[in-house]
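The block underneath contains the structure these notes are about, expressed in structure tokens.
The values are calculated or read from the model by the stated rules, or taken from the named source; none is laboratory data. Just so we're clear, the structure is a prediction, and the values are computed from it rather than from any experiment. Every residue, glycine as well, gets a Cβ built from its backbone with ideal geometry; the counts of neighbours run over all protein chains shown.
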Amino acid sequence: MQDKVEERSLVNVLNRLRKDGYKYDFKVSGEGKLCNMDNKDEFGPDQVRIVDFYRFEGESDPDDMSILYAVETSSGLKGTISNSYGPYADTGVDSFLKQVEDLGKNLDKRDK
């Protein structure tokens, strides 16, 4: 089992995720699609699954909070996307990930 203190560092979590195959960095485009920053593949919310997420709080300022998402695309690409909380949050990233989350909840309801 990994040390809980070690897990609280964004760099350490990113390193662990990279070892687990989450090697791509993603962003949300102006068109509201998830983009692979390496080769510019684009994915809609229905083509993305949130595998896990990690929240971080700044050491000196509690307002300095961020969240890191581990995601997987329908084509099998695994990577990460991050965002801030509060006034510094990217509303495009928030909106996209909310759609992904809502689609996942709807799929869960249909399976039952």
Subset of the stretch 30-56 [of a type outside the set (A, V, I, L, M), assigned to a strand (DSSP E or B), touching a helix residue (DSSP H, G or I) at 6+ places or on another chain (Cβ under 9 Å) and within 12 Å of residue 93 (Cα to Cα)] | none
When only residues in the stretch 75-106 that are among the charged types (D, E, K, R) and under 16 Å from residue 46 (Cα atoms) count, which is modelled with the highest pLDDT?
-> 78
Under 6 Å by Cβ, and 6 or more places apart or on different chains, what pairs join a residue from the stretch 63-74 that is under 24 Å from residue 42 (Cβ atoms) and at pLDDT 95 or above with one that is outside any strand (DSSP E or B) and of a type in the set (Ser, Thr, Tyr)?
-> 70/22
